[in-house]
Every structure is written in structure tokens, then in C-alpha cells.
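Chemist: One structure coming up, written as C-alpha cells, with questions to follow.
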Amino acid sequence: MLKALDSLIVGLNKLIVLLSTLALGAAGAILSWEATARYLFKIPSDWQDEVTIFLLVGATFMSCAWVQYSRGHIGIQALAAVLSPGIDRVRRLLSDVMSFLFCTFFSWKSWTLLLEAVEDNQISGSAFGAPLWIPYSCMAIGTSLLTLVLLVQILSAASASLKPNSSLGSAS
């Protein structure tokens, strides 16, 4: 079951990383257009900052599960070099458990914000008035996926440690 869930996460993360990359490119293009339009053509606009922020928030939260899956988050590698492999596995497992607990809470609060934004038809306070369900949905989905990745990593580490002669050297 863990392998099937892992495959699903990999496929979903590939799609999300592609979309996040496009969102970052769009944010860069929008900001470039705004600078060009404002200073060369004297065409100001009030929507670009908010759209760019929404794109950046979406790309950040949606891609965080992929970063965790690839173990790309900042870690304390200096400890790995000093600790024995067994103690380092325990350190990584404890780190994953603490991250899982925090992300579970953060995910729950993000879903709460999303539901409130939808129920109350909340919009941003700018002249653009974008609906707040957009960034809140990215936060809720992204942190939920991150929590799921952490859970799979914890369960994989736990099941590997139960097997005789197991080695978690590949999980860094």
C-alpha cells in the first residue's frame, strides 16, 4: 500500500512542480510587464502585485511536498557526518515526526481558513478584490500533500526499521 501511495505522490508531485514552474514564470512575466508598462509607457495597473503574490504563494505551498519528498528542505547535514548511522536515522525520524505534527496542525488551520473564505465570500482588500479562496486553497492542498509525504516517509522508515538487517542509508 505504501508503494502505491508513493507512486501516486510521485505522479501528483510531477504535475504540481510543472504547474508551479509555470506560475513562477508567469509571476516573472507579469512583474516585467508592469515595470515596462509603468516606466516606459506610463500605464500603471493595480492588479499585478496581487496576482503575482497569489502565484508565488501557490507555487510555494503546492511544491513543498515535492521538496520534502526529495529531501530538499534545509537539514542539519553536519550532524549526519558526526552521528552514527543509527542515531542519525533516529534524528531524521524525530525530525519527520515533529514536522508531521506541525504540518498536520497547519493543514487543518489552512482548511479552516479556506472554508471560511468560501462561506463568507471573502475577497482581498485591494481594488482588484481577488477571492481569498485562491491562495487559501493552495495553502490547504499544499500542506495536506506535505503532511501526506511526511506520513509516508515516517511509515516507510518505521517499516524498514522493523525488517531484519534493514538499512535506511538511502533516506537522507
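Chemist: Going by the structure shown, is PHE54 over 24 Å from SER7 (Cα atoms), touching a residue at least 60 places away in the same chain (Cβ under 8 Å) and assigned to a helix (DSSP H, G or I)?
Modeler: Taking the combined requirement at face value, the residue satisfies it.
Chemist: Those residues that are modelled with pLDDT under 90 and surrounded by 11 or more Cβ atoms within 10 Å (Cβ to Cβ), I need them from the stretch 58-75; list them, please.
Modeler: Of everything in the stretch 58-75, those that are modelled with pLDDT under 90 and surrounded by 11 or more Cβ atoms within 10 Å (Cβ to Cβ) turn out to be SER70, ARG71, GLY72, HIS73, GLY75.
Chemist: Let me ask something additional. Of the residues that make up the stretch 116-135, is at least one modelled with pLDDT under 90 and under 21 Å from ILE154 (Cβ atoms)?
Modeler: Checked the stretch 116-135: no residue is modelled with pLDDT under 90 and under 21 Å from ILE154 (Cβ atoms).
Chemist: Hey, another quick one. How about the stretch 1-13: which of its residues are surrounded by 11 or more Cβ atoms within 10 Å (Cβ to Cβ) and modelled with pLDDT of 90 or more?
Modeler: Of everything in the stretch 1-13, those that are surrounded by 11 or more Cβ atoms within 10 Å (Cβ to Cβ) and modelled with pLDDT of 90 or more turn out to be LEU8, ILE9, VAL10, LEU12, ASN13.
For (1) in contact (Cβ under 8 Å) with a residue 12 or more places away in the chain; (2) within 21 Å of the chain's Cα centre (by Cα), each residue gets a yes or a no:
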residue: PHE61; (1), (2): yes, yes
residue: ALA65; (1), (2): yes, yes
residue: ALA78; (1), (2): no, no
residue: LEU83; (1), (2): no, no
residue: ILE87; (1), (2): no, no
residue: ARG91; (1), (2): yes, no
residue: SER99; (1), (2): yes, yes
residue: PHE102; (1), (2): no, yes
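The values are calculated or read from the model by the stated rules, or taken from the named source; none is laboratory data. The model shown is predicted, which means the values in this text are computed figures rather than measured ones. Glycine also receives a Cβ, built like all others from the backbone with ideal geometry; neighbour counts cover every protein chain displayed.
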